[in-house]
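Since the structure comes first, as structure tokens, the remarks are kept for the end.
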Amino acid sequence: MDKFTTLTGIAAPMPLVNIDTDMIIPKQFLKTIKRSGLGKNLFDEMRYNSDGSEIADFILNQPAYRDAEILVAGDNFGCGSSREHAPWALLDFGIRCVVSTSFADIFYNNCFKNGILPVVLPQEAVDALMEDARKGANARMTVDLESQTVTTSDGQAFGFDIDPFKKHCLLNGLDDIGLTLEKSASIDAYEKTAAQSRPWV
Amino acid sequence: MSGPKTLYDKIWDAHVVHEDADGTCLLYIDRHLVHEVTSPQAFEGLRMTGRNVRAPEKTIAVPDHNVPTTLDREKGIENEESRIQVEALDKNARDFGINYYPVNDVRQGIVHIVGPEQGWTLPGMTVVCGDSHTATHGAFGALAHGIGTSEVEHVLATQTLIQKKSKNMKVEITGKLRPGVTAKDITLSVIGATGTAGGTGYVIEYCGEAIRDLSMEGRMTVCNMAIEGGARAGLIAPDEKTFEYVMGRPHAPKGAQWEAALAWWKTLFTDEGAHFDKVVTIRGEDIAPVVTWGTSPEDVLPITGTVPAAESFTGGKVGAAQRSLDYMGLTPGMKLTDIKIDTVFIGSCTNGRIEDLRAAAAILKGKKVKDGMRAMVVPGSGLVRAQAEEEGLAQIFIDAGFEWRLAGCSMCLAMNPDQLSPGERCAATSNRNFEGRQGRGGRTHLMSPAMAAAAAVTGHLTDVREMM
């Protein structure tokens, strides 16, 4: 997993609430047995006509936002299916950070496994960032994980909260499984005790 | 933690392997369910790192999302990518020695129906699966939730998950349900009341007389959609109905172990005075048969209602509601019962169990599907299908003009050939009405099996109470 430290880039505004993982990556693209290559199908049904041509007014098809690295989105982003294909598709497109007032639980966790930073901010802050994102490609937003701030193109900074363990893993690009395997002795001990207390499991 | 505990607190505490100073826990996982769509990259990860499956005996795999449900299934899967995914699961199950129900096994079905049916899901367990509807298993008083593929790999390798505890939320449904109102109406009504983010950050415990009165099948329907309400998991305290359902199932404990298990299971309830961070109470008698009108599961209205106007909402929901109305092709003010439908889908992990098929068949007996409509029943497992045939339900569906399919996820998410065409409108017993969910441009109205059966007969959304 790639580290996430700071990012300065174009932010695309997607004010729609309840953007679900079926929208982010429709099911016909879940048939892959790989993690890569999903970026071209990110938001597929919102982004392309059924003949495969681009829908011109979709935000990521507009010239200013084709290289967006940040999304500023409406409430409850990533709701629905647990598919990790959603963060895989975002990452493959080039999105490394999503800002919203709230995220669905599974999507939120999936982001951290893939080097994507989901930032939760209050409505007023998201509104301000949405306005900034609407300015287009010349307005670059900066996300700094170490200082836990998102800064607009005109220097207005918003601080956000994040779980310290998740922050640590993202800043250092750490592999969860490796960390857990360091605790193998604890798992062995738990299994030994559980074999006595709950032998039917 | 001392003092009174919630059911969630008790199950959580029983599974903590290690706790860091900041409250981050390593949680032990008792059952790991696996299907073909969200697991290939996880097994690939194990191979690349030379890791093994830590507890193959606690890992259960079944293909469900991609499998054809037509009767000629033995011909194989036509779509190459779908076939490769199912073949990958075959190989991974074999290579890593995990429990497996292949496509041609009579016990094959939707993973969340097979788990309870085979007795893998037991009270007080932690259950995970790379599938958001893992919440279903909460009906047994098991802490069950969906995970992403990276976490699937983590559980395969370590039999644990790194977790922070959620907050406790209580959803109480008091009193009795009125005739024609089902578990599906409860769960949709709760989401209608709390919104799709209402449960974010919480584990919900469903309780109250109306919940206690539900069968295990009904409780699974309620917990199944906890995820649509944004919750990490839904729980219902186990009781005599739970124990009776579990007893004698292939992987349920037997003999002395059964007695030991039962003794512990009977301690799994929320203590008097335990703290809930959020409480929602709904009177059972206030719940009507409901349908969804929009493209979010929170877009719920009683069937007697009318299509709302976008301006009747506030904030970001105004734009979302307008988008839903446009997508669904609906005009504000029209009666829900005037909405004509093209297709009926009965099935899914929400409503593909025997009780669901009984409820639909009770409405359909001696009636016909309206001319020109497509209607299908997809049982949740091969064993549900067999039981429905034995009870004569299958014949009722066939006589009414329904297609009687083999088990799988089918049109709930349309990864297999069972899909809606653009503009096609479906009365569905599944769990999501998202744009394109059942096929690009397809329009989904969620409802109970009885309501879907009623719609099949009339050709439009229908108040099932008029047919009872």
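The values are calculated or read from the model by the stated rules, or taken from the named source; none is laboratory data. Nothing here was measured: the structure is a model prediction, and the numbers come from that model. Glycine also receives a Cβ, built like all others from the backbone with ideal geometry; neighbour counts cover every protein chain displayed. Note: areas computed on protein heavy atoms with side chains; ligands, DNA, RNA excluded. Shrake-Rupley method; radii C 1.70, N 1.55, O 1.52, S 1.80 Å.
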- Message: Please give me the summed charge of the neighbours of B:Glu153: other residues whose Cβ is under 13 Å from its Cβ, Lys and Arg +1, Asp and Glu -1.
- Response: 0
- Item | In Å, descending, principal axis extents of the Cα set of region B:7-165 | 55, 36, 22
- Item | Computed [θ] at 222 nm, deg cm²/dmol, chain B (DSSP H ≥ 4; -39,500 (n - 2.57); rounded to nearest 500) | -9000 deg cm²/dmol
- Note on the structure: Magnitude of the Cβ-charge dipole (Lys and Arg +1, Asp and Glu -1) of chain B about the Cα centre, nearest 20 debye, reported as 320 debye
- So how much slack lies between A:Tyr48 and A:Lys34, counting 0.36 nm per residue of separation and subtracting their Cα-Cα distance, in nm? 2.8 nm
- Message: Report the Cα centroid-to-centroid distance between region B:63-99 and region B:153-183 in angstrom, as an integer.
- Response: 29 Å
- Message: Please state the shape class of the protein assembly as shown: rounded when a/c is under 1.5, otherwise prolate if a/b exceeds b/c and oblate if not, all from the C-alpha gyration tensor.
- Response: rounded
- Item | Radius of gyration and Dmax over the Cα atoms of region B:290-467, both given in Å | 15.7, 52
- Item | Those residues of region B:1-41 whose amide nitrogen sits under 17 Å from the label point placed on A:His168, 7 Å along Cα→Cβ | B:17-27
- Message: Interface size between chain A and chain B, please: total buried accessible area, 1.4 Å probe, rounded to the nearest 100 Å².
- Response: 5300 Å²
- Item | Environment charge of B:Gly423, counting only residues whose C-beta is closer than 9 Å and scoring Lys/Arg +1, Asp/Glu -1 | 0
- Task: Post the alpha-carbon centroid distance, region A:83-112 to region B:270-299, in whole angstrom.
- Result: 28 Å
- Query: If only Cα atoms are counted, what is the Rg of region B:323-382, and what is its Dmax, in Å?
  - Reply: 14.6, 43
- Message: Rounded to two decimals, what is the ratio between the C-alpha radius of gyration of region A:1-44 and 2.2 N^0.38 Å?
- Response: 1.45
- Note on the structure: From the Cα centre of region B:18-49 to that of region B:421-468, the distance in Å is 36 Å
- Message: Ignoring ligands, DNA and RNA, please state the percent of accessible area on the protein assembly as shown from carbon and sulfur, probe 1.4 Å.
- Response: 50 percent
- Query: Classify region A:6-174: rounded, prolate or oblate, from the alpha-carbon gyration tensor (a ≥ b ≥ c, eigenvalue square roots; a/c under 1.5 rounded; otherwise prolate if a/b is larger than b/c)?
  - Reply: oblate
- Message: What would the Debye equation give as log₁₀ I(q)/I(0) for region B:239-316 at q = 0.16, 0.23, 0.27 Å⁻¹, counting only Cα atoms as equal point scatterers?
- Response: -0.85, -1.09, -1.27
- Please report the orientation-averaged projected area of chain B, defined via the convex hull of its C-alpha atoms, in nm². 22.1 nm²
- Note on the structure: If unit charges are put on Cβ atoms (+1 for Lys and Arg, -1 for Asp and Glu) and the dipole of chain B is taken about its Cα centre, the option from B:Asn431, B:Val155, B:Val246 lying farthest towards the positive end turns out to be B:Asn431
- Note on the structure: Rounded to the nearest 0.05, FRET efficiency between B:Glu391 and B:Asp271 (Cβ-Cβ, R0 45 Å) equals 0.65
- Over chain B, give the accessible area per residue in Å² for a 1.4 Å probe, as an integer. 33 Å²
- Task: Would you calculate the volume per residue, in Å³, of the smallest convex hull containing every Cα atom of region B:311-414?
- Result: 133 Å³
- Message: Can you tell me the length gained on complete extension of the stretch B:Lys278 to B:Val16, counting 0.36 nm per residue apart and subtracting the Cα distance?
- Response: 91.9 nm
- Pick out, from B:Pro289, B:Ala360, B:Asn66, the residue whose Cα sits farthest towards the positive end of the charge dipole of chain B, with +1 on the Cβ of Lys and Arg and -1 on the Cβ of Asp and Glu. B:Pro289
